[in-house]
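Worksheet: one structure, shown below.
The values are calculated or read from the model by the stated rules, or taken from the named source; none is laboratory data. What you see is a predicted model; the values in this text were computed from it and never measured. Neighbour counts are summed over all protein chains in view; Cβ atoms, including those assigned to glycine, are modelled from backbone coordinates with ideal geometry. Protein only, heavy atoms only, side chains kept; ligands, DNA and RNA dropped before computing areas. Shrake-Rupley method; radii C 1.70, N 1.55, O 1.52, S 1.80 Å.
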Amino acid sequence: MHSPGERLARHRHDNGFAAVVLSGGYVEAGDTGRHRVAAGDVILHQAFESHLDEIGRRGAQVLVLPLPSGLGATARGRVADPDLVARLTAVDAFAAAQALAEGFEPTMAASGSEDWPEVLARRLLADPDLSISLWAEAKGLHPGSVSRGFQQQFGVTAAAFRATARTHRALAGLDDLTLSLAQVADDCGFADQAHMTRAILRMTGSTPRQLRRMAMDPCPRGVMDPCPRGVRSVGGHGEQVTV
């Protein structure tokens, strides 16, 4: 349970998870954009994502579950009966995660509620090669103001957000074993394979080759472990679930 007005500084999660809001609400600003969530909303976090959280006036109770499979790159959605998911969690967290996947409905933030940092974040996620200075000029904003304003909301500069988006895109690209590492680097806008390797190593602690090797292991002992035995406490989010 989070207290009203609580603020969680930007932090990273090495493992993917689903955050199901049971009551109250909060605003999350992170690698997938800015999300305003309330009871019934769900945010899906992939491995190595970072974000900060600002808890609303009513506080927030958040249930943390293993990341359900089969939901692709979706970042947020809703579940009709979050209390059912919570009850299932008491018996089997992975059964609860499966129920969440079956009842999950993707949602999008209302475009009219976005301010310019949110618009810029969405543009950078769609195009990590976007020129921030040209975007600022088109919006009539000073590049320095854009850097400061963006950092106030997201905890990082727009340039750092763009670099992170490119690295996450490369991590997803590693799943396609038909692509060479050089092709993944080129497709994701890196200068070369070495540039991509440094970025991924910085984010994950492993090289792209190591991550691919671990992904082919049925139960590796590394950061991409697909056989978790529980969900660790994640940056103070809600309830820890152990299975």
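Go through (1) open to solvent by 30 Å² or more (accessible area, probe 1.4 Å); (2) in contact (Cβ under 8 Å) with a residue 40 or more places away in the chain for Thr204 and report which single condition fails. Going through (1) open to solvent by 30 Å² or more (accessible area, probe 1.4 Å); (2) in contact (Cβ under 8 Å) with a residue 40 or more places away in the chain one by one, Thr204 breaks only (1). Within the stretch 13-25, being touching a strand residue (DSSP E or B) at 6+ places or on another chain (Cβ under 8 Å) and surrounded by fewer than 16 Cβ atoms within 10 Å (Cβ to Cβ) holds for one residue alone: Ser23.
Of Gly149, Gly155, all but one fail to be modelled with pLDDT of 95 or more, under 17 Å from the mean Cα position of the chain (by Cα) and open to solvent by less than 40 Å² (accessible area, probe 1.4 Å); the exception is Gly155. Of everything in the stretch 109-138 that is in contact (Cβ under 8 Å) with a residue 24 or more places away in the chain and open to solvent by 70 Å² or more (accessible area, probe 1.4 Å), the residue that is nearest to Ala170 (Cα to Cα) is Asp129.
Just one of the listed residues (Val85, Val91, Val42) is hydrophobic (A, V, I, L, M, F, W, C), buried (at least 17 other Cβ atoms within 10 Å of the Cβ) and over 14 Å from the mean Cα position of the chain (by Cα), namely Val85.
Within the stretch 45-79, the set of residues being in contact with a helix residue (DSSP H, G or I) (Cβ under 7 Å, 6 or more places away or on another chain) and open to solvent by less than 20 Å² (accessible area, probe 1.4 Å) comprises Phe48, Leu63, Leu65, Pro66, Pro68, Val79. For the stretch 165-201, a tally of residues being of a type in the set (D, E, K, R), assigned to a helix (DSSP H, G or I) and open to solvent by 50 Å² or more (accessible area, probe 1.4 Å) returns 4.
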